[in-house]
Amino acid sequence: MYDQDVRTRLENAIKVMVRHPDARRRPLPSVKAGRLAMRELGMTRAARRQESSSGAYSAFIFIGDAVADAYHLAGERGLSPEGIDALHETRLTADQPFPGDAASDVIDLAHFFGNVLHLGAVAYDLCPEALIRHGLVHFNAERLGL
């Protein structure tokens, strides 16, 4: 459930992540910066082992939930899930700058989004599209109060 505590933890994770030297790397997102952000959200090796015998499954749930929370925060910044996806796609194109009217906190959110998706893909062999679908399902369910 997305609430003020989740929002605060997510904002803190983004602040910690952007201090990593590769957090805003383009065009390839940073696994290390994504891992740093997820650790700040509580995703540790011990927590993954404790939640499930399958680290990849636990990572899928944890990262997918972080994507859902990023969609909520994006909505508070005036972006739809498609908008944050589009900013992430812009990041992947090295020669295309972010839109001039994009605020720095929105750009940092786009970097968080890309870094955690890349972490899932590289470290856990997870499909980014599946993580996005998981995030959208949970975002919409939480938004509707389900």
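The values are calculated or read from the model by the stated rules, or taken from the named source; none is laboratory data. Only a predicted model underlies this, so the values are computations on that prediction, with no experimental measurement involved. Using ideal geometry, Cβ is built from the backbone for each residue, glycine included, and neighbour counts are taken over all protein chains shown. Protein only, heavy atoms only, side chains kept; ligands, DNA and RNA dropped before computing areas. Shrake-Rupley method; radii C 1.70, N 1.55, O 1.52, S 1.80 Å.
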note = Inside segment 93-121, the number of residues satisfying the requirement of being in a helix (DSSP H, G or I) and of a type outside the set (Val, Ile, Thr) is 15
query = Is there a residue in segment 6-20 that is assigned to a loop (DSSP other than H, G, I, E, B) and of a type in the set (D, E, K, R)?
reply = yes
request  = Please work out which one of (1) free of Cβ contacts under 8 Å to residues at least 60 places away in the same chain; (2) open to solvent by 40 Å² or more (accessible area, probe 1.4 Å); (3) hydroxyl-bearing (Ser, Thr, Tyr) is the condition SER58 fails and give its number.
outcome  = (2)
remark   = Taking segment 21-37 and the residues there that are assigned to a helix (DSSP H, G or I) and in contact (Cβ under 8 Å) with a residue 60 or more places away in the chain, the one that is surrounded by the fewest Cβ atoms within 10 Å (Cβ to Cβ) would be VAL31
message = Based on this model, can you work out whether GLY78 counts as more than 11 Å from ALA110 (Cβ to Cβ), more than 11 Å from the chain's Cα centre (by Cα) and open to solvent by 50 Å² or more (accessible area, probe 1.4 Å)?
response = yes
task = For segment 122-133, enumerate the residues that are of a type outside the set (Lys, Arg), part of a helix (DSSP H, G or I) and open to solvent by 30 Å² or more (accessible area, probe 1.4 Å).
result = VAL122, ALA123, TYR124, PRO128, GLU129, ILE132
Scope segment 87-120; condition closer than 25 Å to ASP3 by Cα and open to solvent by 10 Å² or more (accessible area, probe 1.4 Å); matching residues = LEU87, HIS88, ALA102, ALA103, SER104, ASP105, VAL106, ILE107, ASP108
query = Just checking, how many residues over segment 1-20 are more than 18 Å from SER104 (Cβ to Cβ) and either surrounded by fewer than 18 Cβ atoms within 10 Å (Cβ to Cβ) or among the small types (Gly, Ala, Ser) (or both)?
reply = 6
